[in-house]
1. Select from the stretch 97-117 the residues that are among the aliphatic types (A, V, I, L, M) and more than 18 Å from the chain's Cα centre (by Cα) and write down the one among them that is farthest from Ala287 (Cα to Cα).
2. Just a yes or no: is a residue in the stretch 79-92 surrounded by 17 or more Cβ atoms within 10 Å (Cβ to Cβ) and touching a strand residue (DSSP E or B) at 6+ places or on another chain (Cβ under 6 Å)?
3. Would you check which residues across the stretch 285-304 are surrounded by fewer than 21 Cβ atoms within 10 Å (Cβ to Cβ) and assigned to a helix (DSSP H, G or I) and list them?
4. Quick check on the stretch 191-213. Is at least one of its residues of a type in the set (Lys, Arg) and either under 25 Å from Ser39 (Cβ atoms) or buried (at least 24 other Cβ atoms within 10 Å of the Cβ) (or both)?
5. Specify which of the listed residues (Ile73, Ile29, Ile58) is of a type in the set (Val, Ile, Thr) and without any contact (Cβ under 8 Å) to a residue 60 or more places away in the chain.
6. I'd like the full set of residues that are under 27 Å from Trp44 (Cα atoms), in a strand (DSSP E or B) and not β-branched (Val, Ile, Thr), limited to the stretch 246-274.
7. Taking the stretch 206-222 only, how many residues are outside any strand (DSSP E or B) and either touching a helix residue (DSSP H, G or I) at 6+ places or on another chain (Cβ under 8 Å) or more than 16 Å from Val193 (Cβ to Cβ) (or both)?
8. Do the conditions hold for Gly152, that is, is it in the same structural domain as Gln178 (by TED's automatic domain parsing), over 25 Å from Met5 (Cβ atoms) and buried (at least 24 other Cβ atoms within 10 Å of the Cβ)?
Amino acid sequence: MKVAMYYKNADVRLEEMPTPKVGSAEILIRVYASGICGSDLMEWYRLPKAPLVLGHEIAGEVVEVGADVTKFIVGDRVIATHHVPCNTCHHCMRGNHSSCATLRSTSFDPGGFSEYIRIPEINVDRGVLKLPDQVTYEEASFVEPLGCVVRGQRLAGLQMTDNVVVMGSGMTGLLHIQLAKAQGAGKIIATDVSDYKLNIAKQFGADYAIHADQDIASHIKEVNEGRLADFVVVCVGAKPVIEQAFDLVEPGGTILFFAPSGPATKIDIPFNDFWWSGVKTLSSYAASPSDLDIALELISSKRVNVADMVTHRLPLSETGEGFRMVQEGGDSIKIIVEPHK
């Protein structure tokens, strides 16, 4: 089968490798849609493991099932998630599924930027969902990233009528905007350095869009009766943006850090001001199985519009071009690789 083999961000090659063989409790999926995630381009994290096949936002068709598989049959339309929890460890029992060591070690064989992937037994058991007829493969590839957004807002405790600032209006930011709106948020304010993305943010539900070069705090107060935001979502891993979030949140509000940064990043905050403010901060990574269920329902019911977020569709041979487009951050929101086109 053909795969897009990752060597570094600027070197992704179309190569051949054997189609995986499934075990008795495993399934083989023909991949029809595989989204490029910003995390795929974290070169500092990927290089030590290269060469490898990336891609974890996938949807496709079951084409082979092991003898012991009873939940799925050949022809089922499904999504699969690469990370699944054990559901029995200390962290899982406390509801912290993304801290589970099993979740952080599970994966596909070989990865979503390939024609076929083998789904291990534990993923078959708790990481594969059948698709409703009305959900396309392309839409289904958003279940994993939307599930992560669902988890973040759930843990952070977004409340109806909260005024929300989303810092960074790329794909993840747009999902946060849409989910916040679907949950009854008050004013939603988007920020970004790109005028293109700010315009897109307004199309997907932001009430206001502020260029990151402006005095964001003053603009928030201007449209929010003199107050800062109740809820700030940071979808950018840059140190200045992370630190700026503390200047945009109202006392007693919440900051959700949703994007990773480099391994050496350290932030500086005026601790006494932070202590007095009563601001709650938390980070969120990955999604639990129940978050994925919710994400699929949100997509199926069209409460979150993911279809219109796709700006580019590329064959497997052009996966490297997709990486380049994501890294340059131009006029693209979501790039889908279609391995069988």
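The values are calculated or read from the model by the stated rules, or taken from the named source; none is laboratory data. Please read all numbers here as calculations on a predicted model, not as lab measurements. Quick reminder, even Gly has a Cβ in these numbers, built from the backbone with ideal geometry, and neighbours come from all protein chains shown.
1. Residues of the stretch 97-117 among the aliphatic types (A, V, I, L, M): 101, 103, 117.
The next check asks that each one be more than 18 Å from the chain's Cα centre (by Cα); those that pass are 101, 117.
Working: Ala101: 14, Ile117: 21 Å.
The selected residue is Ile117.
2. Yes, because at least one residue in the stretch 79-92 is surrounded by 17 or more Cβ atoms within 10 Å (Cβ to Cβ) and touching a strand residue (DSSP E or B) at 6+ places or on another chain (Cβ under 6 Å).
3. If we filter the stretch 285-304 for residues that are surrounded by fewer than 21 Cβ atoms within 10 Å (Cβ to Cβ), which is where we start, we get 285, 289-290, 293-294, 297, 300-303.
Those that are surrounded by fewer than 21 Cβ atoms within 10 Å (Cβ to Cβ) and assigned to a helix (DSSP H, G or I): Pro289, Ser290, Asp293, Ile294, Glu297, Ser300.
4. The initial filter retains those residues of the stretch 191-213 that are of a type in the set (Lys, Arg), namely 197, 202.
Checking which are either under 25 Å from Ser39 (Cβ atoms) or buried (at least 24 other Cβ atoms within 10 Å of the Cβ) (or both) leaves us with 197.
Taking every residue of the stretch 191-213 in turn, at least one turns out to be of a type in the set (Lys, Arg) and either under 25 Å from Ser39 (Cβ atoms) or buried (at least 24 other Cβ atoms within 10 Å of the Cβ) (or both).
5. Numbers: Ile29 fails: without any contact (Cβ under 8 Å) to a residue 60 or more places away in the chain; Ile58 fails: without any contact (Cβ under 8 Å) to a residue 60 or more places away in the chain.
Selected residue: Ile73, the only one of Ile73, Ile29, Ile58 that is of a type in the set (Val, Ile, Thr) and without any contact (Cβ under 8 Å) to a residue 60 or more places away in the chain.
6. Of everything in the stretch 246-274, those that are under 27 Å from Trp44 (Cα atoms), in a strand (DSSP E or B) and not β-branched (Val, Ile, Thr) turn out to be Leu256, Phe257.
7. Narrowing the stretch 206-222 to residues outside any strand (DSSP E or B): 206-207, 212-222.
This time we only want the ones that are either touching a helix residue (DSSP H, G or I) at 6+ places or on another chain (Cβ under 8 Å) or more than 16 Å from Val193 (Cβ to Cβ) (or both), so: 206-207, 212, 216-218, 220-222.
Here the count works out to 9.
8. Values: in the same structural domain as Gln178 (by TED's automatic domain parsing): yes; over 25 Å from Met5 (Cβ atoms): yes; buried (at least 24 other Cβ atoms within 10 Å of the Cβ): yes.
Against the criterion (in the same structural domain as Gln178 (by TED's automatic domain parsing), over 25 Å from Met5 (Cβ atoms) and buried (at least 24 other Cβ atoms within 10 Å of the Cβ)), Gly152 qualifies.
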